[in-house]
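**Student:** Sending over a structure as C-alpha cells; questions will come in a sec.
The values are calculated or read from the model by the stated rules, or taken from the named source; none is laboratory data. What you are looking at is a predicted structure, and each value in this text was computed from that prediction instead of being measured. Please note: Cβ atoms are built from the backbone with ideal geometry, for glycine as well, and neighbour counts cover all protein chains shown.
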C-alpha cells in the first residue's frame, strides 16, 4: 500500500506499515497511550465482553448442525452463524487495534514471518467479509455448504469460503478503494476455497493471545 497518513499524535505524514497503523513512530504511540490512560477501564471492559461473545460465536460455528435436512434452511442458518462470528472477531480485532496497539503488534511481531503474514492476511480477509456482508453481498454468497456425518455420526454442515469477484467500491475514497482491494486480495488468497471453521479458529486464537498479552501489560504498568 502506498497511502500516506497523518500521525494521530504529532500530525506527521507517514506511510503505514500495516493497515491499522495510526502513528509515525513508537514514541508517538507511547505518548498517545499515556494521554489516553483514562480510556483503559472502558477498553478493558469492552474487550472482555467482546472476547466472550467471540468465543461463543466461533464455538457455535465449529459445531453447526443441519436443520431438518432442508438445503435452503441449512444455507440460511450457516450464513447467520458466519455473519455473527465475523462480526465478533472483527470487533475484538478493532478493539485491540484501537486500545492495545503495542500488545497487538508485539504479538504479531513475535510470530515467524510466514505465520505473521498468514494472520495479517486472514484478519484482512475477514475485514473484507465484514465490510461486504449484508451490505454489498448477500451473506450466503460467501459460503459453500455441504453435508457430512459428524464425529459422533450426527449430520452437520461443512462450510468453505467461496471465491468472489471484486465488488464495486465507487463510494469510497481512492485510498479507501485501495485498502478494500487489499482486503479482497487477502480474502481470495487466505480464505477462498478453505474451511470456514479453520479461519475463525486461527483468527480467534491469535486475538485471545494478543488480548492476554495486553492484560499482562496492564498489570505490569499498574505495579
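**Student:** Residues 198, 148: which one is closer than 24 Å to residue 18 by Cα, in the same structural domain as residue 54 (by TED's automatic domain parsing), out of contact with any helix residue (DSSP H, G or I) (no Cβ under 9 Å at 6 or more places or on another chain) and at pLDDT below 95?
**Tutor:** 198
**Student:** For the list (1) within 26 Å of residue 30 (Cα to Cα); (2) part of a strand (DSSP E or B), I need the number of the one condition that residue 116 fails.
**Tutor:** With respect to (1) within 26 Å of residue 30 (Cα to Cα); (2) part of a strand (DSSP E or B), residue 116 is out only on (2).
**Student:** Go through the stretch 151-185 and count every residue that is over 30 Å from residue 72 (Cβ atoms) and modelled with pLDDT of 80 or more.
**Tutor:** 7
**Student:** Among (1) part of a helix (DSSP H, G or I); (2) free of Cβ contacts under 8 Å to residues at least 12 places away in the same chain, there is one condition residue 111 misses while meeting the rest; what is its number?
**Tutor:** (1)
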